[in-house]
1. Among the candidates Gly77, Gly55, Gly72, which residue alone is at pLDDT 90 or above and at negative phi?
2. Among the residues of the stretch 103-128, write down those that are within 16 Å of Ile78 (Cα to Cα), among the small types (Gly, Ala, Ser) and part of a strand (DSSP E or B).
3. Looking at the structure I just gave you, is Gly62 in a loop (DSSP other than H, G, I, E, B), modelled with pLDDT of 90 or more and touching an Asp or Glu at 6+ places or on another chain (Cβ under 7 Å)?
4. Please name all residue pairs, on different chains or six or more residues apart, with Cβ atoms under 6 Å, provided the first residue is in the stretch 50-66 and is among the β-branched types (Val, Ile, Thr) and the second residue is crowded, with 22+ Cβ neighbours inside 10 Å.
5. If I filter the stretch 176-224 down to residues being modelled with pLDDT of 85 or more and of a type in the set (S, T, N, Q), which single residue comes out as nearest to Phe81 (Cα to Cα)?
6. Does the stretch 101-148 hold any residues that are charged (D, E, K, R) and surrounded by 20 or more Cβ atoms within 10 Å (Cβ to Cβ), and which are they?
7. Scan the stretch 138-195 for residues that are among the polar types (S, T, N, Q), touching a Gly at 6+ places or on another chain (Cβ under 9 Å), touching a residue at least 12 places away in the same chain (Cβ under 8 Å) and within 26 Å of Ser219 (Cα to Cα) and jot them down.
Amino acid sequence: MTVIMVLLTFAILIAAGTIIQRLRQKKEVPNKVAFSTGKNIADVTLDLGKFPVPGGVFISEGHTWASVQPTGEVKIGITSFAQNIFSRIDGLTARAKGDSVEQGEELIAIRQGNREAQFDSPISGEILAVNENLSKNPSLIKSNHYEAGWIYILKPKNLTQEIRFLRIADDAIAWIKSEVERLKHFLMAEYSQNELVANSMADGGLPTEGFIDHISEESWKRFKSEFLS
């Protein structure tokens with residue numbers, strides 16, 4: 001009888017442990033994204049190498065960059081993170097030479113198909129030059145965004161005060177890493193609604209290059225609000 005009671009006690013403990021484990025798993029579900037390939041969000045990777053931050057370049061939280069030239073002028077463009085949105089660039093709407101812009105004011109709009117992303121100025125100043133090569137070859141923004149794909153040269157107005165709102169060096173790299181992680185969560189949530197796209201991620205990667213092609217109009221609006229504002 002004693003042996004039977006001991007075995008019964010073990011059986012009850014095992015059953016209780018199983019029930020508790022299942023309850024814990026149910027509680028954990030909201031923190032993970034259901035995914036048709038069986039992977040959870042922790043298994044999926046983004047290649048951080050696709051989002052470089054060159055030394056000496058300041059990064060804004062709207063994903064534009066500013067590089068202070070020896071003359072004191074500032075060259076401006078969009079970041080690797082920003083250009084990665086598009087699979088191609090069909091056109092852009094730029095401000096004119098001589099315009100004055102304020103930090104955080106819309107500076108350029110980039111278009112792919114019927115979708116457009118607006119990017120704000122990282123600093124205030126007067127536009128001294130617009131990269132004329134972009135009107136003929138806007139794809140330079142994707143292929144060489146930190147060099148030949150620059151967009152404006154500005155004469156800064158409040159550089160000393162405004163530069164402290166930008167990020168550089170290790171601070172910029174750490175912030176980009178956090179943005180990439182945030183993008184991973186965003187894309188997993190969006191792609192998990194589309195079994196065809198999810199199945200293309202069987203190797204554990206996310207199709208980040210040109211992801212504008214794979215998300216709905218509502219998701220596109222959410223992305224712009226969460227990442228580019």
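The values are calculated or read from the model by the stated rules, or taken from the named source; none is laboratory data. Nothing here was measured: the structure is a model prediction, and the numbers come from that model. A quick note on method: Cβ atoms are made from the backbone with ideal geometry, for glycine too, and the neighbour counts reach across all protein chains shown.
1. Working: Gly55 fails: at pLDDT 90 or above; Gly72 fails: at negative phi.
Matching residue, one of Gly77, Gly55, Gly72: Gly77.
2. Ala109, Ala117
3. Working: in a loop (DSSP other than H, G, I, E, B): yes; modelled with pLDDT of 90 or more: yes; touching an Asp or Glu at 6+ places or on another chain (Cβ under 7 Å): yes.
The answer is yes for Gly62.
4. Val57/Trp65; Ile59/Trp65; Thr64/Ile78; Thr64/Phe119; Thr64/Pro122
5. Ser178
6. Of all residues in the stretch 101-148, those charged (D, E, K, R) come to 102, 105-106, 111, 115-116, 120, 126, 132, 136, 142, 147.
The answer is Lys142, and nothing else.
7. Of all residues in the stretch 138-195, those among the polar types (S, T, N, Q) come to 139, 143-144, 158, 160-161, 178, 192-194.
Filter once more, so that each one left must be touching a Gly at 6+ places or on another chain (Cβ under 9 Å): 139, 143, 158.
Subset that is touching a residue at least 12 places away in the same chain (Cβ under 8 Å): 139, 158.
Ser139, the sole residue that qualifies.
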